Amino acid sequence: MHPLRYHAQQLYMDDQPLDDIAERFGTPCYVYSELFLRERYHAFAHALGTNTLTCYAVKANGNLQLLRLLASWGAGFDIVSGGELARVLRAGGDPGKIVFSGVGKSRAEIRAALEAGIFCLNVESAAELERIAQIAAELGVQAPVALRVNPDVDPGTHQYIATGLKESKFGIPLAAAASLYRQAALWPSVKFIGIAAHIGSQLIDLQPLGAAAARLRALYEELQREGMRLQHLDLGGGVGIRYQDEVAPSPADYAAVLDTALAGLPVRRVVELGRALVGNAGVLLTRVEYWKENEGKHFCVVDAGMNDLLRPSLYGAWHTIWPLRQKDLPMRYCDVVGPVCESGDFFAKNRPLASVPPGSCLAILGAGAYGFAMSSQYNSRPRAAEVLVTGGQVQLIRRRETLADLLAAEEGL
Ligand code: LLP
């Protein structure tokens with residue numbers, strides 16, 4: 001479920017005491033388990049089988065060292081920007097296993113993707129398809145594309161991360177997609193190779209995903225009857241994980257949903273998993289600065305803020321919080337809050353927490369996905385360090401930003 005355990009009152013990630021990591025690298029600090037990430041990747045890749053291209057959604061956590069590991073294990077990559085393309089290429093990712101999603105691809109991004117020779121561009125509108133066709137013609141190549149359709153299913157998740165409903169900005173309505181496939185089938189500079197969808201994130205019930213896959217299948221069969229030969233269906237990402245008490249789908253559950261919906265269909269499958277691979281591989285370490293009490297309400301003020309981990313502020317997301325030592329101290333109900341000047345700067349509300357002394361550290365769990373990736377320098381706070389626990393060793397994989405980093409892009413202009 002996650003790579004953490006207490007031993008003699010100390011919290012370990014794999015075989016490493018997290019308190020030592022907090023001392024050595026300072027706080028706030030993200031720490032990831034290579035072992036856990038590797039097990040999750042292989043569990044999904046194995047359950048889905050060789051007929052599936054298992055891509056990692058880089059947006060969840062784009063750290064170069066994590067991308068290098070995933071590339072070495074054979075993963076494909078789902079990217080959403082030229083920046084993510086650059087990261088994957090730098091990490092040694094195979095361009096032939098990259099899918100490019102995203103609703104607003106710029107000319108420069110499309111050009112870079114075509115020049116790199118990526119596997120597929122997932123197209124979000126007729127206008128974008130025209131732009132891709134034009135750039136491919138200029139480059140003298142044929143662009144491999146899938147239309148990202150909007151299957152109009154309710155994924156039953158937080159409204160900010162539901163993407164497959166008809167009122168959302170994502171994808172092309174099913175009926176419109178069918179006519180766009182027909183209309184552009186003979187354009188010389190694009191080649192339709194698949195159909196794509198992504199209905200939302202943190203799905204605990206996979207039924208909606210099965211329903212979406214069935215709708216993609218129906219579209220595939222309709223186009224096939226008309227003579228169009230597509231090679232893959234891309235089901236996006238979205239497999240949920242346990243943050244609190246959710247019963248998250250296993251790799252086998254996920255594979256079974258796709259197997260059932262797509263049984264007998266002669267196509268390759270593509271998936272784009274982010275959170276399910278890296279979410280529970282990571283924690284955010286933070287130090288208690290102060291305890292304060294206002295009108296009987298307790299606040300635990302820590303040195304990480306919403307700029308480091310935005311999910312509680314933005315989605316009201318739950319992250320479990322454990323002390324790195326002394327977990328048996330009496331509990332105190334408190335809000336765990338950061339130093340940023342916003343009332344929304346909190347990690348937990350009215351949560352029982354061991355009353356550890358100031359100076360001691362806490363781990364915020366489930367922070368591997370959309371943690372560092374969504375962090376910012378808001379309030380002029382340098383971004384946190386990132387550390388990898390890897391087979392008996394601890395490795396810095398992103399140094400803590402400095403005050404000089406904060407100023408660098410504005411000085412000497
Ligand atoms: N593919 C596409 C086209 C996506 O838009 C996403 C996520 C994924 C794959 C990966 O989804 P995953 O397997 O990680 O659920 N910041 C939010 C999550 C936003 C997800 C956006 N799209 C959060 O912290 O919960």
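The values are calculated or read from the model by the stated rules, or taken from the named source; none is laboratory data. Quick caveat: nothing in here was measured; it's all calculated off a predicted structure. No Cβ is skipped: glycine too gets one built from the backbone with ideal geometry, and neighbour counts run over all protein chains shown. Areas reflect the complete protein model, heavy atoms only, side chains present, ligands, DNA and RNA absent. Shrake-Rupley method; radii C 1.70, N 1.55, O 1.52, S 1.80 Å.
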Practice problem: Identify the GluC sites (Glu not before Pro) of segment 231-328 meeting these criteria: DSSP loop state and at most 15 other C-beta atoms within 10 Å of the C-beta. | Solution: GLU246, GLU295
Quiz item: How high is the relative contact order of segment 149-247, in percent, with contacts defined as C-alpha pairs under 8 Å that are six or more residues apart?
Solution: 32
Quiz item: In Å², what does the accessible area per residue of segment 339-379 work out to with a 1.4 Å probe?
Solution: 36
Quiz item: Amide H neighbours of VAL387 under 5 Å, counting only residues 5+ apart in sequence or on other chains, H built in-plane at 1.01 Å?
Solution: TYR30, VAL31, TYR32, ILE397
Quiz item: By average Cβ neighbour count within 10 Å, what is the ranking of 134-141, 401-408, 52-59, 296-303 from highest down?
Solution: 52-59, 296-303, 134-141, 401-408
Quiz item: Ignoring ligands, DNA and RNA, what accessible area per residue does segment 94-273 give at 1.4 Å, in Å²?
Solution: 41
Quiz item: Ranked from the most accessible area to the least, with a 1.4 Å probe and all protein chains present, what is the order of HIS232, HIS46, HIS7?
Solution: HIS46, HIS7, HIS232
Quiz item: Can you give the accessible area of LEU114, probe radius 1.4 Å, in Å² rounded to 10?
Solution: 20
Self-check item: segment 94-273 - Rg (one decimal) and Dmax (whole number), Cα, Å
Solution: 16.1, 53
Quiz item: Any idea of SER380's accessible area? Nearest 10 Å², probe 1.4 Å.
Solution: 90
Quiz item: With the Cα gyration tensor of the chain giving a ≥ b ≥ c as the square roots of its eigenvalues, does the rule (a/c under 1.5 for rounded; else a/b larger than b/c for prolate; else oblate) give rounded, prolate or oblate?
Solution: prolate
Quiz item: Tell me, what % of the accessible area of segment 94-273 is carbon and sulfur with a 1.4 angstrom probe?
Solution: 52
Exercise. Determine which lysines satisfy two conditions relative to LYS169: a Cα distance under 30 Å, and not lying fewer than 8 residues away in the same chain.
Key: LYS59, LYS97, LYS105, LYS191
Quiz item: Is segment 266-413 rounded, prolate or oblate when judged by the Cα gyration tensor, a ≥ b ≥ c being the square roots of its eigenvalues, rounded requiring a/c under 1.5 and prolate requiring a/b larger than b/c?
Solution: oblate
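State in Å² the accessible area per residue of segment 1-73; use a 1.4 Å probe, count heavy atoms of protein chains only, and round to the nearest integer.
On the way: 2920 Å² over 73 residues.
With all protein chains present, segment 1-73 gives 40 Å² per residue.
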Self-check item: Set of lysines with alpha-carbon distance to LYS292 below 27 Å, sequence-local pairs under 8 removed
Solution: LYS327, LYS349
Quiz prompt | Fluctuation leader among ASN51, ASN63, ASN294 - the chain, Gaussian network, Cα springs under 10 angstrom | solution = ASN294
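For segment 191-258, which trypsin sites (Lys or Arg not before Pro) are in a loop by DSSP, counting at most 12 other Cβ atoms within 10 Å?
Details: sites: LYS191, ARG215, ARG217, ARG225, ARG229, ARG242; in loops: ARG229, ARG242.
Here the sparse-neighbourhood loop sites are ARG229.
Looking at segment 155-240, which chymotrypsin sites (Phe, Trp or Tyr not before Pro) are in a loop (DSSP not H, G, I, E or B) and have at most 12 other Cβ atoms within 10 Å?
Numbers: sites: TYR160, PHE170, TYR181, PHE192, TYR220; in loops: PHE170.
Sites meeting the loop and neighbour criteria: none at all.
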Quiz prompt | the chain - percent relative contact order, Cα under 8 Å, separation 6 or more | solution = 19
Self-check item: Largest-first ordering by accessible area, 1.4 Å probe, given options TRP73, TRP322
Solution: TRP322, TRP73
Exercise. Would you mind calculating the relative contact order of segment 94-273 from Cα pairs under 8 angstrom and at least 6 residues apart, reporting the percent as a whole number?
Key: 18
Practice problem: Would you check the accessible area of ASP253, probe 1.4 Å, heavy atoms only, in square angstrom rounded to 10? | Solution: 80
Practice problem: Would you mind checking the tilt of helix 174-184 against the longest principal axis of the Cα atoms of the chain, expressed as 0 to 90 degrees and rounded to 10? | Solution: 50
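Counting only helical runs of four or more DSSP H residues, what would the 222 nm mean residue ellipticity of the chain come to if each run contributes -39,500 (n - 2.57) and the total is spread over all its residues?
Details: 12 runs with 121 residues, N = 413.
Helix contribution divided over all residues of the chain: -8500 deg cm²/dmol.
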